[in-house]
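The values are calculated or read from the model by the stated rules, or taken from the named source; none is laboratory data. The structure presented is a predicted model; accordingly, all values stated were derived computationally and were not measured. Positions of Cβ are backbone-derived with ideal geometry, glycine not excepted, and every protein chain shown enters the neighbour counts.
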Amino acid sequence: MNGENAAAPPGETPDPARIVVRASLVRCLITAALGLPVAAVLVLHDPPSAAVDGLLRLGGILIGMGALGRIALVVRRWYFTFDTRRRTVTASGRWRHKGTYPARGYERIEYSVYDSRVYEVSADGRRRRLPIRRRVADRRDWARFVDLLMRDLPAPTTERRVETVEVRLRRVRLLVTGTVMFAAYVAASYLLPQANSRLEDLLRGFVCGFLIGISVVLVRFALSKRYLSFDLRTGRLHGPGAKHWWQSWPHGRFARIEYSVYDARLYEVRTGKRHRLPLYRWAANPADWKALVDALLTSSPDSEDAAEDRTDHR
């Protein structure tokens, strides 16, 4: 790892005991390219309602700040650094996120393979998430960083051998999110003025239709009996509608199901090909998701598959 420093912060020389994790150039530029025009439209648009005008301006300012923050990361050329000897993370970014971790009161840094997040941990087991995001980081740098952190992680174990792992839905979260979306739909229908042009009418219809559609999908999804079921004997993963062939994996020529510790996602895999499954951690019961991940990590071949996963994320 000592020769893989990508770009040191300005004014500093590369340190063999430290790796530099850059921000993803493509993602940051795309976010900025989409965010700045949207922010400008929201701020400059002058609707007849004062309440709507205030909400649009506030949203435009927040989106603009986020887009400018991504540009700053690209210009700075580094997102955070990791000291391999002291095992500390130094983060850049906004004033609230700057600093070195673990902070006072915490003693070590840990990586969670269950949600692809980095935490600082205190002596009594208290955990706090670090202000660094996988989606912002360069994929190669993030994979190298995760490899270093995972050296200290114990291998997953399954004390009780089971044939099937059932994953329940996180119903409360889904119902609350669906209710919030429906409330936003009602508010948008009430606050957004009647359109004076076809474009405004189209935008109003799109916003209201999107909100009510998402709320209906989430509530219907929350009423399903289960989320996932993984059969350790056959290696097949069944989704919410397992009676349909397209909701059971792997499909066709794909050979097996794999879990990526780098991005906490599920894939169906064959030689030279990986396909991400439309299954999301945020909708799963945390304890059941942990059991599923442990089962996948302990039941899949180790060396070859891990190498393929690492190469794919580099």
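Residues checked against (1) part of a helix (DSSP H, G or I); (2) among the small types (Gly, Ala, Ser); (3) modelled with pLDDT of 80 or more:
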residue: 3; (1), (2), (3): no, yes, no
residue: 6; (1), (2), (3): no, yes, no
residue: 20; (1), (2), (3): no, no, yes
residue: 27; (1), (2), (3): yes, no, yes
residue: 30; (1), (2), (3): yes, no, yes
residue: 33; (1), (2), (3): yes, yes, yes
residue: 36; (1), (2), (3): yes, no, yes
residue: 39; (1), (2), (3): yes, yes, yes
residue: 42; (1), (2), (3): yes, no, yes
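Residue-by-condition table, conditions (1) closer than 26 Å to residue 32 by Cβ; (2) surrounded by 15 or more Cβ atoms within 10 Å (Cβ to Cβ); (3) in contact with a helix residue (DSSP H, G or I) (Cβ under 7 Å, 6 or more places away or on another chain); (4) touching a residue at least 12 places away in the same chain (Cβ under 8 Å):
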{"site": "63", "(1), (2), (3), (4)": "yes, yes, yes, yes"}
{"site": "76", "(1), (2), (3), (4)": "yes, yes, no, yes"}
{"site": "88", "(1), (2), (3), (4)": "no, yes, no, yes"}
{"site": "129", "(1), (2), (3), (4)": "yes, no, no, yes"}
{"site": "149", "(1), (2), (3), (4)": "no, yes, no, yes"}
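Among the numbered conditions (1) in contact with a Lys or Arg (Cβ under 9 Å, 6 or more places away or on another chain); (2) farther than 22 Å from residue 18 by Cβ; (3) among the β-branched types (Val, Ile, Thr), the only one that residue 113 does not meet is (1).
Of all the listed residues (155, 143, 184), the sole one being at pLDDT 90 or above and either in a helix (DSSP H, G or I) or more than 22 Å from residue 280 (Cβ to Cβ) (or both) is 143.
Can we say residue 287 is under 23 Å from the mean Cα position of the chain (by Cα), on the phi > 0 side of the Ramachandran plot and at pLDDT 90 or above? No, not satisfied. All conditions but one from (1) touching a Pro at 6+ places or on another chain (Cβ under 7 Å); (2) under 30 Å from residue 294 (Cβ atoms); (3) modelled with pLDDT under 85 apply to residue 193; the one that does not is (2). Within segment 253-284, restricting attention to residues that are under 13 Å from the mean Cα position of the chain (by Cα) and assigned to a loop (DSSP other than H, G, I, E, B), the residue that is surrounded by the most Cβ atoms within 10 Å (Cβ to Cβ) is 261. Out of 309, 294, which single residue is modelled with pLDDT under 90 and surrounded by 18 or more Cβ atoms within 10 Å (Cβ to Cβ)? Answer to the check: 309.
Filtering segment 197-249 down to residues that are among the aromatic types (Phe, Trp, Tyr) and touching a Pro at 6+ places or on another chain (Cβ under 9 Å), which residue is modelled with the lowest pLDDT?
Filtering segment 197-249 down to residues among the aromatic types (Phe, Trp, Tyr) leaves 206, 210, 221, 227, 230, 245-246, 249.
Now drop any that are not touching a Pro at 6+ places or on another chain (Cβ under 9 Å), which leaves 221, 227.
Values: 221: 85, 227: 89.
Of everything passing the filter in segment 197-249, 221 is modelled with the lowest pLDDT.
Looking at 53, 83, which one is at pLDDT below 85 and assigned by TED's automatic domain parsing to the domain that holds residue 138?
Values: 83 fails: at pLDDT below 85.
On inspection, the qualifying residue turns out to be 53.
Considering only residues in segment 218-252 that are part of a loop (DSSP other than H, G, I, E, B) and among the small types (Gly, Ala, Ser), the one that is surrounded by the most Cβ atoms within 10 Å (Cβ to Cβ) turns out to be 239.
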